[in-house]
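Computed from the coordinates by the stated procedures, all read-outs in this text should not be read as laboratory data. Just so it is clear, the structure is predicted and the values come from calculations on it, not from any experiment. Neighbour counts run over all protein chains shown; Cβ positions are idealised from the backbone, glycine included.
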Amino acid sequence: MIIIFGAGIVGLFTGYNLLKRGKEIKIIDTHTIKANSTDASVGMLAPYIEAKPGERELLDLMLDSKKIWKELELNKKVSRCIDLKPNSSLMIGLNQDDEEKLKFKKKFFEKFGFETFLLDDRETLELEPSLNSNIHCSLLCKNQDQVNSNLLKSFLIKEIEKMGGEILYQEKINKILLKKKTVSFNNSSMQFEKIVICCGAWSNEIIYNSFGLKLPLTPLKGLSILVKSSKNSFSHNLWYRNIYIAPRREDVLAIGATEEDRGFDDSIKMDELYYLTNSMWESFTKLESLELKEIRVGIRPAVIDGNPIIGNLKDVSSDVICNFGHYRHGILLAPISAEIVTRYVFEEKVSDQFNFFSPSRFNL
Ligand SMILES: Cc1cc2nc3c(=O)[nH]c(=O)nc-3n(C[C@H](O)[C@H](O)[C@H](O)COP(=O)(O)OP(=O)(O)OC[C@H]3O[C@@H](n4cnc5c(N)ncnc54)[C@H](O)[C@@H]3O)c2cc1C
């Protein structure tokens, strides 16, 4: 039995992958945490747009995950169910300054062999007629698509249950105790083959309380909003300087995101809301045509070097595996991190290609 702590996208994908390969799994989560990251996420699957100079390993990981997303996309039943859209992104420029930045981006993308297309205002409006006429230019980035992360979560829960996996909700687990092949927490004990910690931003807490190890993980709060558009919707994902917008079914737009270091505070602050609405006001379509549907708060798990932590905790046990710290990219990265953990469960090792992400880079 593989016991997974955390039923966010990373824990669910890991459970789903293991079940498909014939393992028995149990996922333990809690209803007491309200601001998990997955529920607030916008679901962009855009490795190149997210890429930053000096983060080659992370880009490669995102591209590996993207290949798994592309396979999922071919399964029409699944892709319809999770609204996995094979669309592209437009990075929008509103003035000459933005155009220079987009040209710089274009050159950066070319280094990786990723071809993009700089469009002028007229060409941009031909692609997206509902945009404001103040558009200056855009960069068309093909295959930088998106998934509805909320539908994805429901889909994975259903599939896990169909395959005989269990998802249990308990009081928050502050500490786990290991005794040989038994794990105890919150008055229950279970036999395990491996344990996988997928508690997102809360992973540090459970690992420190249980094993006395501290990982360089910081909670980074983010707000996203859902609005309904009464105008024609968009067919591309839109990326502005401060916000990004994903068109969903029924003319709903998911818009993200703020990023603040405010610990585990999950309240909605006016400055955060102002940041999003003001950025929309400056750049986007007529605000009076948008109806506010929902405001969401999520706490992202950010590691000091910007990379996720995937691999076993060698100083504790080869049976305790980390799978967290996916920061801004957890939806995109969930399939590949699930695959790395699954291979570890079967082969007792992480392949050299992915060793870069191991906890041992922090001497743990
Ligand atoms: C506003 C916003 C927009 C985003 N947009 C994107 C995007 O477009 N594309 C993208 O790829 N990523 C995006 N992200 C990032 C992405 O959401 C995260 O990287 C990802 O959801 C992390 O998933 P997770 O499963 O590790 O963590 P979470 O989703 O936070 O899940 C952790 C789970 O562990 C449980 N848990 C924690 N502690 C305990 C405990 N002690 N006991 C029991 N259960 C516990 C929690 O209840 C929760 O269910 C966005 C994030 C935010 C906040």
| note | From fewest to most C-beta neighbours within 10 Å, the residues ILE299, ILE268 line up as ILE268, ILE299
| field | Projected label distance in nm at LEU63 and LYS107, using a 7 Å step from Cα toward the beta-carbon | value | 2.1
| Virtual spin-label span in nm between LYS180 and LYS228, 7 Å along Cα→Cβ | 5.9
| What order do you get for 204-213, 240-249 when each peptide is scored by the mean count of other beta carbon atoms within 10 Å, highest first? | 240-249, 204-213
| How much length is gained if the chain between CYS81 and SER317 is pulled fully straight, taking 0.36 nm per residue apart and subtracting their Cα-Cα distance, in nm to one decimal? | 81.1 nm
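How big is the equivalent ellipsoid of segment 1-147 along its three axes, where each semi-axis is √(5λ) from the Cα gyration tensor, reported in whole Å from largest to smallest?
Computed over segment 1-147, the values are 36, 17, 16 Å.
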| note | Note: ASP265 to ASN187 extended length (0.36 nm per residue) minus current alpha-carbon separation gives 25.3 nm
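Between ASN95 and SER130, what is the FRET efficiency for a Förster distance of 22 Å, r being their Cβ-Cβ separation, to the nearest 0.05?
Between ASN95 and SER130 the formula returns 0.60.
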| Nearest-20 debye value, segment 9-153 charge dipole, Cβ charges on Lys, Arg, Asp, Glu | 820
| note | Expected max-MSF residue from ILE167, ILE309, ILE33 in the GNM of the chain (alpha carbon, under 10 Å) is ILE33
| With Cα atoms, 0 to 90° folded angle of helix 270-283 axis to the chain main axis | 40
| Entries of LYS153/LYS349; LYS214/LYS349; LYS66/LYS107; LYS66/LYS111; LYS20/LYS77 with Cα pairs more than 26 Å apart | LYS153/LYS349
| Order by protection proxy (mean Cβ within 10 Å, highest first), peptides 143-153, 53-63 | 143-153, 53-63
| message | Using only Cα atoms and rounding to the nearest 10 degrees, what angle (0 to 90) does helix 96-111 make with the longest principal axis of the chain? | response | 50
| Any idea what angle helix 149-162 forms with the longest principal axis of the chain, computed on alpha-carbon atoms, 0 to 90 degrees, nearest 10? | 30
| remark: Restricting to aspartates and glutamates and to Cα separations under 19 Å from LYS103, and discarding same-chain partners fewer than 8 apart, the set is GLU50, GLU115, ASP120, ASP121, GLU123
